[in-house]
Amino acid sequence: MSDIQNTSLGQDENIKARQRWISILARSSSDELQAYWDEFSPSQNFTHLRQPETGLVMVRGRTGGNGQRFNLGEASVTRCSIHLDSGEIGHSYVKGRNKRHAELAAVFDALLQNQEWGPRLDEAMIKSIEARLNKSKKERETKVASTKVDFFTMVRGEDE
């Protein structure tokens, strides 16, 4: 395999890892991120490339989950971009209007790209939040499954 292909594979893995942790940071709670911020007390200074700002996005739905798309409504989203003094750039988009949540998610995105902080934060923070999110999802699925009703048609024998 050529060096170009090896580099491409490495970039794909980095992109997937970053997509994973950005998704987890976006679905985490502000209090959760603040607790990790207080626990780790990263000494990294940062500047805002984009101050936390709130706007609206259009939420799309599908009839029956796989039918035609339609505009369901709007949702509030807050975004932020920061630049660490060490050079990494972090971005975030979080549901809702919590500016501190967006700022912390962007800082943690940048720190997770840092060689010193990344592995430590992934192990202690990201995996912990991911486990909590997965547990919560399974609990919701179990609760929903208990209310599922199966409809079927009985054959009455009149067609024979």
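Computed from the coordinates by the stated procedures, all read-outs in this text should not be read as laboratory data. Source: prediction; values computed, not measured. Note that each Cβ is placed from the backbone with ideal geometry, even for glycine, and that neighbours are counted across all protein chains shown.
Below is a table of values for the structure above.
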| read-out | value |
| --- | --- |
| Sequence-distant aspartates and glutamates (8 or more away, or on other chains) whose Cα lies within less than 14 Å of Lys99 | Asp31, Glu53 |
| Average Cα contact separation per residue, the stretch 5-90, under 8 Å, 6 or more apart, as relative contact order % | 25 percent |
| FRET efficiency for Ile15 and Leu72, using Cβ-Cβ distance with R0 set to 35 Å, rounded to 0.05 | 0.75 |
| Entry for semi-axes √(5λ) of the Cα gyration tensor in Å (calculated from the structure that is shown) out of (1) 69, 21, 12; (2) 24, 18, 15; (3) 39, 21, 18 | (3) |
| Relative contact order %, the stretch 32-160, counting alpha carbon pairs below 8 Å whose residues are six or more apart | 18 percent |
| Loop trypsin sites (Lys or Arg not before Pro), the stretch 55-131 (other Cβ atoms within 10 Å of the site Cβ: 10 or fewer; DSSP) | none |
| Residues Val59, Val107, Val94, sorted so that the one with the fewest Cβ neighbours within 10 Å comes first | Val59, Val107, Val94 |
| Residue exposure sequence - Val57, Val149, Val77 - by fewest surrounding Cβ within 10 Å | Val149, Val57, Val77 |
